[in-house]
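Worksheet: the structure to be examined is printed underneath.
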Amino acid sequence: MSYDPNTVMGQILDDLPGGEKLKTCLQCGMCGGSCPSGPDMDYRPRKLFAMIAAGLDDKVLRSNTFWYCVSCYLCTVRCPQEIPITDIMYHLKHQAIESGLYTTDAVGFSETFVGQIENYGRAFELGLATQYYLTHHPLGGLKMGPMALAMMSRGRLTLRPHKIKNMSQLKAILAKAKELGAKK
Amino acid sequence: MTEINKEPKIIGFLCNWCSYAGADGAGMARRKYPPNIKIIRVPCSGRVSPELVMRTFMQGADGVMVLGCHIGDCHYSDGNHRTAKRFPVFHRFMDYMGIDRGRLRIQWVSASEGLLFAEVVTEFTESLRNLPPMRGQLKSLQRHTIAEEIQG
Amino acid sequence: MKIGVYTCHCGSNIAAKVDCEHVAEWASDLEGVEISRDYSFMCSSLGQELIQEDIQKLGLDRVVVASCSPHMHEPTFRGACQRAGMNPYLCEMSNIREHASWVHEDRGEATDKAKALIAASVSRVRYHEPLFPKQAPVNDATLVVGGGVAGIQAALEIANAGYRVYLVEREPSVGGHMAQLDKTFPTLDCSACILTPKMFEAGNHENITLLTYSEVEKVSGYIGNFTAKIRVRARSIDEVLCTGCGLCEEKCPVRIVDDVFEAGLGRRKAVYRPFPQAVPKYPVIDREHCTYFLKGKCRLCEKVCPTQAIDYEQQDRVLEVEVGNIIVATGYDAFDARRIPQYGYGRYPNVFSALEFERMTNAAGPTTGKVLLRDGVSVPKSVAIIHCVGSRDVRYREHCSRVCCMYSLKFAHLVLEKLPGADVYNFYIDIRTPGKDYEEFYHRLLEEGTKFIRGRAASVSDATLGEEEEGKLIVTGEDTLIGEQRRVPVDMVVLSTGLEPRHDSHNVARTFSISCSREGFFKEKHPKLDPIATMTDGVFIAGCAQGPRDIPDTVAQGSAAAARVLSIIGKGQVEIEAAIAEVNALTCVGCQMCIGSCPYNAIDFLEDRMVAEVNEALCKGCGTCVAACLSKSITLHHFTDEQLVAQMMGAMDTLFALEPVPMEA
Amino acid sequence: MKYAYYPGCTAEASGAAYDATSRMVAKELGIELQEIPDWNCCGATEYFSIDHLPAYALVARNLALVDADETPQVIAPCSACYINLKKVDENMLKHKDLRADVNEALAEGGLSYTPGTVRARHFLDIVCNEVGCEAVREKSVHSMDSLILIPYYGCYIGRPEQNFDDTENPQSLDRLLSGLGAHVPDYSLKSSCCGGHMPQIGMEIALGILRRLLDLAAKLNGDAIVVPCPMCQLNLDAYQSYVNSRFGTDFHIPIVYFTQILGLAMGMDPSTLHFGENVVSVEPMLEKLKAAQPIEKPKKKRDKKALPMPLPLSQDKEQL
């Protein structure tokens, strides 16, 4: 059976190496049973895959499932059909951003992180935390206070970001990569 | 510029017990592959003499496949050992004759490897598309009638 | 020459992709073709009669049938020709189904390919010669390899018909896996109770030569006339003197874990019978563990034996037996659950394999039938049974092992029967109950209150939380029917391990010149219509060696294999392949290249005439000598150079003829 | 032994202790580390999800900056950095198009990378398999036999595919620590997830995950959890008090890097090993080590009634 390349399934089949294995999902639940962040997902990966197969793309892309994925790869190594589940989660994040359908603010964390890299070349934990919490969880950030304080008093949070020397080089590389990626 | 060979002509000599059954298996599983190969059944890949392969090239075949049982699984104990030893030598003869080595494929395909058979045939067919047609290569080619050919 | 060409539609199997009418019409113009027809089913009796009529009325002397694989219907069409008075070797088949219509998408391409294949056959068949197979008598003895229920069944059927059977078993006793089981599903009758009488009968049948603790090392010959070399390993027990009293076993000071019969859950002595009902009744001394064989002293068994039957000096014997047919029924290996670390087998004591659990519930087993934890004392209050361990998983075994669902249900029943009030959980993907009264058994289990969780269990761990979970095993998984993660604390976990091919199945296959399927089970001649036979005539397969199956199916296959053998014995004669090699003594230069190339040493060199000669009885027709002959003096009948060259040229000519554009400028 | 060295962003802040002690231990073990000049972030688990190709280009820049002739292998102490470097190299090798695209992007910065020329190795892999547990033991002067150390590997040792250790039940850290004399229990959650970025996006789940890990470690009387990954360290250490206040537990289990334990074993002064940076105090463990009371390993008595237990696969001589 062939899939419309504009659907979630079609995009996974077309873009992702190994993505065609998604068609072989047995709905056994090994992934959902193994997932450490499973309890808070809207749908466990297994159900999400059934929804993808059923063409419920809108629901799929609005779900928080892939944003809650911690990339631990446990589902991937255990899947009896060798479906690259973690990679599919990455791909779904990408699709959700492209389509603008995401509702969760977890994407904010990823985007904040990426934004930092694009500005400094390295991750800056304090800046990441403040920026992320200020923009996404002004109240949640307060809860993180004690932890940040403890970390800072032990010299584990630096106040200034480290910037790589040749930032212009990195920027040029990333810009080109984005351009190439957009063509696909 | 080399001429592109859109539809290479391939003759496959398949041993009856493993590879021919493997090709049957590909059929039973409805595995698709290009139609270019025409299969000739032989009892054992060891039956395929270099001369037979050479004659096939001389008739304008763009590729020849000799498929047999995996080493150790030969229906005739170790008939395919001969195949395994014969054709490396024959490859050198092909060099001498100016025939690209890539036109002859020796491969072990068991009766249960229908999928492998389809893959190998597909891949071999594709690879031959990059070579010019054999017929144009053999400048001195004189195609005989069957009777003439058989008389030698 | 008058050739008849018959193109089969095979319903729509061929006709959907090959324009059969057009092909038939086209073929009528080929050289030598007298008549060309197409028909919906050539293999039907009407189709065959069509050929017969044409042979008789039109005087055809060659026939080409373009249909399916010759592996399927060559005997059919050869038979039709023969009935019409034509030599069967003058019939040739073109495989336009498996090699054309089923594997190509485009109708035009498939049709063209069919034409080339038919033209090749027409071209070839002109050079066919009549051949006359010789008859050879059939040895009426049979070799049955494997003494499980399949082998026992086959051996008894043949022996009861009055013919000799050599039944060879690797272990010290016959019985196989079935002897280890406790109850059998779905009837719950006791496995030993139904198997023991058959074992006893096999062990005492006047027509059965039972060779236990033995293995077949080499097989040569062909259908009707095989010779098998069997190594009978030294038991270190004189079977003539031994009465099977068991004193030696009782007194033996060595106790080791029994990995075979007790599946690792129980222990045995160094001199032992695997179980009390073992057949034959004689024990064996396990030389790898016997103190005398390891350290040179002990000999306690010798001292206590009342009949001086202990023989430390006994040597392996190698027997050579002549048989007409062989049945290979070597069974399966249970999947080793340690290969899946997240289920904790070999890590947590209270995780058990299915065979361990079988032994545990068996009244004759290590716990005398009590369901206990590994400490040998505590009684579990909750048990989780995990299905599909090693099965339905491409990283281990892709196949469904067919019996696990049912035996898992049986386990659940046995736990509830022995431990009323216990909580039993089944983690399953699908419950598969394809058998008579199987689904009913599942319903019974539902009534009994077993809890079913639909989802492959993800892991078993000792990471408990809180006091009430203390000491328990935590089974996690997704209950896919409610879409929630489940965390089930239990006292005991049973892993329903799948069935896999014997670890040495490839070697065994080579010994008997048969082949293995992709996963390693023996390959049958045809998956539907000939699941018992193999590509090697006279060698049959039965039971789990061919693929996972339950006891009724295994027994049925054992009987079926016996029936096949008996029909060959009943006929008394087999045809010897007529397609064998022949040396032309006039042109042979005596170089002897052929002699070295022959896998069967079937070529002799006649010193006096300085030429080679093929021994007809030994030649199997592989044709390696033909390819090796430097003076082109050897002919392999039915695969002659002329025939193969004509076939190749027939195909090539057609390909060039069908090519739309002229080749050279 | 000379290797390229990729410290990773955590080396500059939350994981400075790991970076510092890795360098100290490497020096002691005769491993020369050549820091990649002007390296950049590996993108962690976030970048790949946002934009595929830039993520590859980002990591590939690091590989391109390695002098492959001099140091064909690069050590990453952080597990996440390690798998990203490895994944990018391997996928570029496997997929021609990706290789071309990434190199086209790199060319904008005057760089190029030939996949297969720089092999990423985890520092734990180097210590266990290049230096070897035996050689490490020879260098050690203080036995760890007064400590119960919990080996915790996290996700990326052996995932997403089996590399230098087993996927579900890795052993290298177990062997390393036992080699130093420590009592190392079979910690069944050793390769479970630490929660990764979950504290940022779903605190409740993260705390649940961390509680389970801490609970089992406490049950095994662990004096410390030993980790080879700064992310695991951060989550278990920094959020331990959160777990306590959320669940009413009272965990005080120090989370230390394996390099810190190696440092102690090789006789380095504890004050130089950055223990002061731990949120959960390491003092009790250090006290115990000073007191040097060897833990008596419980003797295994054979229970006559007990049923035989299958041997672990690794100990089964018949299984090859």
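The values are calculated or read from the model by the stated rules, or taken from the named source; none is laboratory data. Quick caveat: nothing in here was measured; it's all calculated off a predicted structure. Glycine gets a Cβ as well: all are built from the backbone with ideal geometry, and neighbour counts include every protein chain shown. Areas reflect the complete protein model, heavy atoms only, side chains present, ligands, DNA and RNA absent. Shrake-Rupley method; radii C 1.70, N 1.55, O 1.52, S 1.80 Å.
Worth a mention:
- Out of A:Leu170, A:Leu157, sole residue that is modelled with pLDDT of 75 or more and surrounded by 13 or more Cβ atoms within 10 Å (Cβ to Cβ): A:Leu170
- Only listed residue being among the polar types (S, T, N, Q), at pLDDT below 95 and surrounded by fewer than 18 Cβ atoms within 10 Å (Cβ to Cβ), chosen from D:Thr117, D:Thr71: D:Thr117
- Only helices (runs of 4 or more DSSP H) whose full extent lies in segment D:1-94 are considered here, and the ones with at least 2 residues that are touching a Phe, Trp or Tyr at 6+ places or on another chain (Cβ under 8 Å) and of a type in the set (Gly, Ala, Ser) are D:16-28, D:52-64, D:79-94.
- Among the conditions (1) in a strand (DSSP E or B); (2) surrounded by 20 or more Cβ atoms within 10 Å (Cβ to Cβ), the only one that C:Arg267 does not satisfy is (2).
- Some residue of segment C:205-228 being free of Cβ contacts under 8 Å to residues at least 60 places away in the same chain, open to solvent by 50 Å² or more (accessible area, probe 1.4 Å) and within 29 Å of C:Thr367 (Cβ to Cβ): no
- Filter result (open to solvent by less than 10 Å² (accessible area, probe 1.4 Å), under 23 Å from D:Val102 (Cα atoms) and at the interface with another protein chain (Cβ under 8 Å from one of its Cβ atoms)) within segment D:6-44: D:Trp39, D:Asn40, D:Cys41, D:Gly43
- In segment A:49-56 there is no residue matching the filter, namely being modelled with pLDDT under 95 and either hydroxyl-bearing (Ser, Thr, Tyr) or closer than 22 Å to D:Leu53 by Cα (or both).
- Strands (runs of 3 or more DSSP E) within segment C:474-535 that include 1 or more residues modelled with pLDDT under 95 and more than 24 Å from B:Gly72 (Cα to Cα): C:484-490
- Qualifying residues in segment C:654-665 (those that are surrounded by fewer than 20 Cβ atoms within 10 Å (Cβ to Cβ) and facing chain B (nearest Cβ under 9 Å)) - the one modelled with the highest pLDDT: C:Phe656
- Test: residue in segment A:40-47 that is assigned to a loop (DSSP other than H, G, I, E, B), within 8 Å of another protein chain (Cβ to nearest Cβ) and either free of Cβ contacts under 8 Å to residues at least 24 places away in the same chain or crowded, with 19+ Cβ neighbours inside 10 Å (or both): yes
- If you go through segment A:49-74 and pick out every residue that is in contact with a Lys or Arg (Cβ under 9 Å, 6 or more places away or on another chain), assigned to a helix (DSSP H, G or I) and closer than 13 Å to A:Lys93 by Cα, you end up with 3.
- Filter result for B:Pro35 (outside any strand (DSSP E or B) and touching a Leu at 6+ places or on another chain (Cβ under 6 Å)): no
- Residue satisfying condition, being without any contact (Cβ under 8 Å) to a residue 40 or more places away in the chain, open to solvent by less than 20 Å² (accessible area, probe 1.4 Å) and within 21 Å of the chain's Cα centre (by Cα), within set D:Pro254, D:Pro308, D:Pro270: D:Pro254
- Helices (runs of 4 or more DSSP H) contained in segment C:101-205 and holding at least 3 residues in contact with a helix residue (DSSP H, G or I) (Cβ under 6 Å, 6 or more places away or on another chain), more than 22 Å from C:Leu499 (Cβ to Cβ) and small (Gly, Ala, Ser): C:107-125
- Flag for C:Cys619 being touching a residue at least 24 places away in the same chain (Cβ under 8 Å), assigned to a loop (DSSP other than H, G, I, E, B), more than 7 Å from chain B (Cβ to nearest Cβ) and open to solvent by 60 Å² or more (accessible area, probe 1.4 Å): no
- On the stretch given as segment C:199-225, residues that are modelled with pLDDT of 95 or more and within 30 Å of C:Glu575 (Cβ to Cβ) total 5.
- Residues being in a loop (DSSP other than H, G, I, E, B) and out of contact with any Phe, Trp or Tyr (no Cβ under 7 Å at 6 or more places or on another chain) - total across segment A:19-36: 6
- Restricting attention to segment C:362-381, the residues that are hydrophobic (A, V, I, L, M, F, W, C), more than 12 Å from chain D (Cβ to nearest Cβ) and touching a strand residue (DSSP E or B) at 6+ places or on another chain (Cβ under 9 Å) total 1.
- The residue list C:Thr640, C:Thr587 contains one member that is open to solvent by 50 Å² or more (accessible area, probe 1.4 Å) and among the hydroxyl-bearing types (Ser, Thr, Tyr), which is C:Thr587.
- Of all residues in segment D:45-68 being open to solvent by 10 Å² or more (accessible area, probe 1.4 Å) and in contact (Cβ under 8 Å) with a residue 60 or more places away in the chain, the one that is nearest to the other protein chains (Cβ to nearest Cβ): D:Thr45
- Meets criteria (crowded, with 24+ Cβ neighbours inside 10 Å and over 26 Å from D:Asn169 (Cβ atoms)) for D:Gly263: yes
- One residue stands out among those in segment D:254-296 that are aliphatic (A, V, I, L, M) and in a loop (DSSP other than H, G, I, E, B): the one that is farthest from D:Gly15 (Cα to Cα), which is D:Ile295.
- Pair list, Cβ under 7 Å, 6 or more apart: segment A:60-78 residue more than 9 Å from chain D (Cβ to nearest Cβ), other residue aromatic (Phe, Trp, Tyr): A:Leu61/A:Tyr102; A:Arg62/A:Tyr102; A:Ser63/A:Tyr43; A:Thr65/A:Tyr43
- Restricted to segment B:52-74, and to residues there that are open to solvent by 10 Å² or more (accessible area, probe 1.4 Å) and within 13 Å of the chain's Cα centre (by Cα), the residue that is nearest to C:His506 (Cα to Cα) is B:Met54.
- Strands (runs of 3 or more DSSP E) fully within segment C:32-98 counting 2 or more residues that are at pLDDT 95 or above and within 21 Å of C:Glu577 (Cα to Cα): C:62-67, C:91-95
- Residue count, segment D:104-144 (criterion: in contact with a strand residue (DSSP E or B) (Cβ under 7 Å, 6 or more places away or on another chain) and in a loop (DSSP other than H, G, I, E, B)): 1
- When the residues of segment C:441-464 are filtered to those that are away from chain A (no Cβ under 14 Å) and free of Cβ contacts under 8 Å to residues at least 12 places away in the same chain, the one that is most open to solvent (accessible area, probe 1.4 Å) is C:Glu447.
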